[in-house]
Every structure is written in C-alpha cells, then in structure tokens.
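This is the structure I want to talk about, given as structure tokens.
The values are calculated or read from the model by the stated rules, or taken from the named source; none is laboratory data. Everything quoted here is computed from the prediction, not taken from an experiment. Positions of Cβ are backbone-derived with ideal geometry, glycine not excepted, and every protein chain shown enters the neighbour counts. Ligands, DNA and RNA are excluded from the accessible area calculation, which covers all protein heavy atoms including side chains. Shrake-Rupley method; radii C 1.70, N 1.55, O 1.52, S 1.80 Å.
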Protein chains: 2
Amino acid sequence: MTVTAPKGFRAAGVAAGLKTTGAADLALVVNDGPDATAAAVFTANRVKAAPVLWSQQVLKARMARAVVLNSGGANACTGPKGFQDTHATAERVAALLGGMGAGDVVVCSTGLIGEHLPMDKLLPGLDRAARALARDGGPQAAEAIMTTDTKPKTVTVTGDGYTVGGMAKGAGMLAPSLATMLVVLTTDAVVGSSDLDEALREATRVTFDRLDSDGCMSTNDTVLLMASGASGIQPTVEELTVAVTAACADLAAQLLSDAEGSTKDITIDVQGADSEDDAVTVGRSIARNNLLKCALYGNDPNWGRVLAAIGTTDALFDADSLDVAMNGVWICRNGAAAEDRSKVDLSGRAITITVDLGAGDARATVLTNDLSVAYVHENSAYSS
Amino acid sequence: MTVTAPKGFRAAGVAAGLKTTGAADLALVVNDGPDATAAAVFTANRVKAAPVLWSQQVLKARMARAVVLNSGGANACTGPKGFQDTHATAERVAALLGGMGAGDVVVCSTGLIGEHLPMDKLLPGLDRAARALARDGGPQAAEAIMTTDTKPKTVTVTGDGYTVGGMAKGAGMLAPSLATMLVVLTTDAVVGSSDLDEALREATRVTFDRLDSDGCMSTNDTVLLMASGASGIQPTVEELTVAVTAACADLAAQLLSDAEGSTKDITIDVQGADSEDDAVTVGRSIARNNLLKCALYGNDPNWGRVLAAIGTTDALFDADSLDVAMNGVWICRNGAAAEDRSKVDLSGRAITITVDLGAGDARATVLTNDLSVAYVHENSAYSS
C-alpha cells in the first residue's frame, strides 16, 4: 500500500507522456489531514534543480498538503524558465485539489538534467492524476516515479496504533548526503513539526546518508515526510524515529539492490573507530574506491585495496593495527596478510567487509555496490 | 636515453624472475657523482609500503647514490618482514656498488599489495643488475619498472648546458597527491639540496598532483630526483624548475594516455576561479565523477553531470553563472543549456572540458581518463 497505507492519504500515478516509452511518469500524493505537518531533507549539491529550490521554500512553513512528482525530466540546470515551470506545476495542483495554495505543494522531478519539461504534456497529466487520486493509489504512484529502476520500491511499517508508509526511486548517483533519489514517506501519527523534523533527520542520517553507490550526488534528491494525524495516536519522538528509521532502512536496502548495473550489495562495517565520524569516513572511502569495486565485481578479495582506501582518510588508526575481514574471513591482521584469501567466498550477491581500526569503540555501516561492466554500459548510454 | 641522458648516471634493467612472465622486473640507477644530491616526494597515503617508509628515511639526508626499483610486487602491507626485505635489498645494492651504505640507497616497489617479495630471486637479480650497469642503460631500466603499462615512459629535457632525464611507470590508481607511479628523474646540473627540493615540489604540484585517473591513491608512489653535478653547470632554481616541470608534464601525459582501459584523455580546464585551490578542487571533483566518465566513454557530452560534480564542492561560484564547454562548444551558459550539444564532437581520444566559474581570475588544469568497460575488466582480474 506504500504511501497510502497510513490513514488520510490519497495517491495516483498516471502516464503524462513525459517518458517516450509511454510508461507512467507523474505521481500525486495528497494529505487529507486533519494535520498537514511535513519535514524534508534535500540534496547537499549546490547545483539544485528548480523543484528542490521551490520545495525548500514550501517546507519553511513545515507544512505540505500535497506532493507532485514527475519522472522523465529532472528540471535541473534549466534557468528561470525551469523555476517557472515548477511554480506552474504547483499552482495547477493547488487549483485542482482546492483548499490550498501553490505554497502547500511540494514538487519533485527526476530524469535528465538540462532539458525543459514538456509542460504541454505535464499540465494535462496533472488533471488526470487529480481525477485518479484514490485511497489505494500508492502502488501506482510508486510506479510512476521510476526511471532506470527495474522495480518500484515501497514500504509499510506498523507502529503502535499508527502507520508509516513510503515509496522511493533511485538506481544511480546513490551517494553521500542522499542519492539521486526521491522518497515520500507518510504517517497518520499525530506529530508536532519539530518532532517530525527530528525523526526524519535522525532516520536519514543513519540510512540514506550511508548509502554510497557510486560517489555521485544528484541535483534533485528529496526525502519528504508528511503526517496526517488521522490515526489520532501521538507516539513519542523516539517511537516515531524508530518507525521512520525502519522504513528508511528498508527503502535504502531496496535502492542498493536495484542500483544500476550492480551485481553485489556490499555492506561495509567499520568498527574499533575513535568516533562514529571516523567510522563513516573510512566506510565511505572504501565505498568509493573504484579499484576495490572492480575487484569485488570479479569476486577478488583484494584486501590491499581496502587498506589503500583507508590510508587516504584522516581517521585515527595505526597502519600496523588494521584488521580486515571479507564475509567473515580475517584475511588481514595487523596490516598484513592473515587467513588464506582462498577461504573467502564472494560468489553471492551479498558481501560484508568488516574493518577494525583498533582505535576505539565507535562503529558505523556504509552500503555500496560493485563497479560492473553493466554500470559503465548503462551510464554511457543514458541520454542517447 | 631516459635517466642516463644526463652525465654521471648508469642504469640497468634485468629479469629477476619476480614476474611470472619472465619480463624484466628489476632496475637499478646509480649516481656516480661528483654530487649525490637528491629530493623526493612520496604518496600521501597513510598506508605506506615498506620501501616508501625506508626511502623516506634515506631522503632525510637529502642525498642518494642509487635507487633500486622492482616491479612484480609492491611490498606493501607486509609487516616487519616486508621492511626487513627492503633493508636487505638496500644493503645488497650498497655492497655490490661499493663506496656507499644502505642508507644511500632508495628502494621502490610496485605490483600487488599484501604479498612478500621472493627474496631468493630478488637478491641474485641485484647481482646481475649491478653487472649490467651501463651509461646507456636507461631504456632497459624503464622497461623493467613496467606493470600493466603497455609501453615504457621516458623523457629527456635539455637545459642550458645541463640535462634532465626521467622514466616513469604507472597505469592505474593515478590519483591525487600522486598516482601509483614510480618516477626517477636525473640531472647533471649542479644544485643545492634546497633548490633541488624546491624545483621538484613545484614541478610535481602542477603535474603529477593534477593527474587523477581513477581517484585511487597508491601505497607506493615515489618521485625521486637525483643530481650528479657532472655537467659543472649551475642553473638558477627558476631555470631548473622549468626544466623539471617540463619533464614531469611530459611523463604525466604519457601516464595519462596509457591509463588502464582508458579510451579518452580528458583535460579539465577550470577558469574564472576565485583561487587556484578552488580551480583544482572543482577540476578534481569533475575528474572523479564516475557518471561523467562513463558518459564521455560513450561520447555523450553530458554537461549536466559536470554541473552536478561542481555542485558537490565548496568552491566559490553561483550555480546560475556556470559556463561549460566541451571541445570548444559552450553547451552550458549561466547554468543552463546553450549551444546545441550535437555540435560537440567527442569521437577522438582527446577531450577538453572548459569550466568558467565566473568567480575570479584563477585557473588550473586537471587531467583524467574516461571510465570504460576495459577498466572494469582489467581491474577485476588484476590479482587472479
């Protein structure tokens, strides 16, 4: 049921003709209340798409009554005209739904950078999407936001008397401080705007922010959480954080396993760190090492490349105290070869790299993919 | 003539049996003086190979009488035994050559990380290398340091009465703060050790340090410059810097064009920057963007990915003032589409990306390669 699992939400997904394939490309999610509390995190990229610039303004009020999302065009690097298109989209949605202004409508776009959206197709598509809104429309919305995704990504988490639902898209550019991903989360819990913001930030900090598929950061990333209050239940911020984190972790794992061209889901567990920041820094450096990612694609337990990646960071460690395991086999102890590398079985899709920095008790987990021939193929042909 | 072009040097390259192919894998370069001045820069990776740790100690005296280099094994992440092997190598060279101690001998290694060198082959190889030393032995030495290089890399620069010669190896892990590369430069100029150090640092700063093939940094990088004084000519530090920079730039271009699996040599010219540091930061971010590198492999002038890469930096710029050209066609002006992308011809090996940040007068050039199917293939099979 995705975003329509919680009470108080309707959704729709339609084909507006933005994708040349004729697939669904326009989604609408409406919060029917009684509350309209909202929180969001956006890409840290300084080159932000028009819909991100727009939505950041909307969220300043910590409220949103609807979100409209289109695939088939990122509306990024499109100048003043691009921003006008976003504004016109929000205005049309507000007019169609009634009882709200453009400033209550979050806009998300995904697809190719640098091209204007075909507004002659998008605006009529909005009319159809508004008519199609339904209490069970979540799955259609999740389909409509897909780009190179091979499957829709949805989640439902059941809390104590309330529900958190969500949908996500993203299959490349999965990177630090978010991925090229659009995520809409909904809940029927009764939540104040500060608590909602706190729960979302804590959840994304340990999930989407630690997903680094290819080191690239998008211009359009948006994670939106809307609360309707329709359940009448008010969880504590801690309870809500647990539920939202579970939803985000589930969606992050789905994004990882569907990343463009990937053949491996790689979990990097860094332990023995002096601080959580150190652990994340080391995990991210390993996640971004192209040589290691190629080796893992080839089922090669090349721990030397793990050490070379760790060595580029400023984390606290002694090079002679580094331990590295792959799928449980400690092939490197004290910075040198240990157990026989032939004991490591990398033939499956799931790979766990465990690093012990020997510098403290902090730890963190970063998720990444391998670097495959298919990744290169897919990303050398994206716009052609 | 490479490293033996300047007067006062002898060199040799032999097959010691470190490579399973039977190709040459051991090189020796000797400075016969009268001077023995030396300067070096080493990898910034904190996980340093045993020969790097050794050679850093040697260079503290700013003197070196010989350098021995082996391919077929990096001797990195090899623990105390690895360091003992390096020490034994330097001692054998000193004994063979006479008139020097182990502390006068720089050691460089390149190859697979994490395995011990077969000293039973290496030490007898040193005997043969010492016997093979010749005034015209430079080309043999340049061949013996190759790993996945497809050709030897050598250079000779003629100064006013003196000469600078050089050889390099490196075809992957070409990255910031040096590449996986070993470079030996020689000169017969008369130079004080401070001037030699200054000339080398300035030369590497604007050449090897701005070569970023795949964002990976090696454990073994070493650039060594030895001066024999045999020409009797004492250039100014400025003159010497120009000559050494020319030699380094030539070798850097050779490394770039032979990078593993590459099909494009990409020059990133960043201009209009507030500072040279900003220009380098932006150039490096573009050089490391896997999505862009895949696009260029596919001859796709995807300027949106250039902007997305710029946006991840903290350089001074306004997203609405960014201009981007590819091979001279300004496909992006003021952060949005400008000239028709179909005008861009990326079919050749050389690609120039010009970025104008519109924030000042500083500029810098960073060199990189595309990300190709062959890169993935080559690096997924390196150790198997």
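Using a Gaussian network model of chain A with C-alpha springs under 10 Å, which one of A:A203, A:A295, A:A24 is most mobile by mean-square fluctuation?
Ranking A:A203, A:A295, A:A24 by mean-square fluctuation puts A:A295 first.
Just report the Cα centroid separation between region A:1-32 and region A:262-295, whole Å.
35
Run the 1.4 Å probe and let me know the accessible area of A:Y375, rounded to the nearest 10 Å².
10
Using alpha-carbon pairs under 8 Å, 6+ residues apart, how would you state the relative contact order of chain B in percent?
18
Distance from the Cα centre of region B:304-318 to that of region A:238-257, in angstrom?
30
For A:330-342, what's the mean count of beta carbons from other chains sitting within 10 Å of each residue's beta carbon?
Mean shielding by partner chains, rounded to a whole number: 3.
Next question, about the same structure. Can you give the translational diffusion coefficient of region A:265-380 in µm²/s, computed by Stokes-Einstein from the Kirkwood radius over Cα pairs at 25 °C and 0.890 mPa s?
175
Taking all pairs of distinct Cα atoms, average 1/r, flip it, and tell me the Kirkwood hydrodynamic radius of region A:184-327 in Å to one decimal place.
Result for region A:184-327, one decimal place: 17.3 Å.
Whole Å is fine, so just give me how far the alpha carbon centre of region A:178-237 lies from that of region A:321-384.
Their Cα centres are 28 Å away from one another.
Related question: Report the dimensions of region B:2-257 along its three principal axes from the alpha-carbon atoms, largest first, rounded to Å.
Sorted from largest, the Cα extents of region B:2-257 read 44, 41, 31 Å.
Here's something else I'd like to know. In nm, give the distance between the simple-model label positions of B:A134 and B:K151, each being 7 Å from the Cα along the Cα-to-Cβ direction.
2.3
Could you work out how far helix B:276-287 tilts from the main Cα principal axis of chain B, as a 0 to 90 degree angle to the nearest 10?
Approximately 90 degrees, to the nearest 10.
Would you tell me the mean number of C-beta atoms belonging to other protein chains that fall within 10 Å of each C-beta in B:129-141, as a whole number?
0
Residues with beta-carbon under 14 Å from that of A:G161, excluding A:G161: net charge, scoring Lys, Arg +1 and Asp, Glu -1?
Here the count lands on -2.
Which Rg and Dmax, in Å, describe the Cα atoms of the protein assembly as shown?
28.6, 93
Given the protein assembly as shown, what percent of its DSSP beta bridges are antiparallel, to the nearest 5?
Restricted to the protein assembly as shown, the bridges split so that about 70 percent are antiparallel.
Between A:V206 and B:D314, what FRET efficiency follows from the Cβ-Cβ distance if R0 is 35 Å, with the result rounded to 0.05?
For A:V206 and B:D314, the calculated efficiency is 0.90.
Suppose all protein chains stay in the model; what accessible area per residue would a 1.4 Å probe give for chain B, in Å²?
Counting only protein heavy atoms, the per-residue value for chain B is 33 Å².
Separate question: For A:A90, what charge total do you get from the other residues with a beta carbon under 13 Å from its beta carbon, if Lys and Arg give +1 and Asp and Glu give -1?
Value of the local net charge: -1.
Moving to a separate point now. Could you check the spin-label model distance between B:D361 and B:E238? Points 7 Å from the Cα along Cα→Cβ, value in nm.
With each label placed 7 Å out from Cα toward Cβ, I get 1.9 nm.
Take each of the peptides A:336-344, B:69-77, A:138-146, B:261-269, average the number of other beta-carbon atoms within 10 Å over its residues, and list them starting from the highest.
B:69-77, A:138-146, B:261-269, A:336-344
When only C-alpha pairs under 8 Å and at least 6 residues apart count, what is the relative contact order of region B:262-363, in percent?
43
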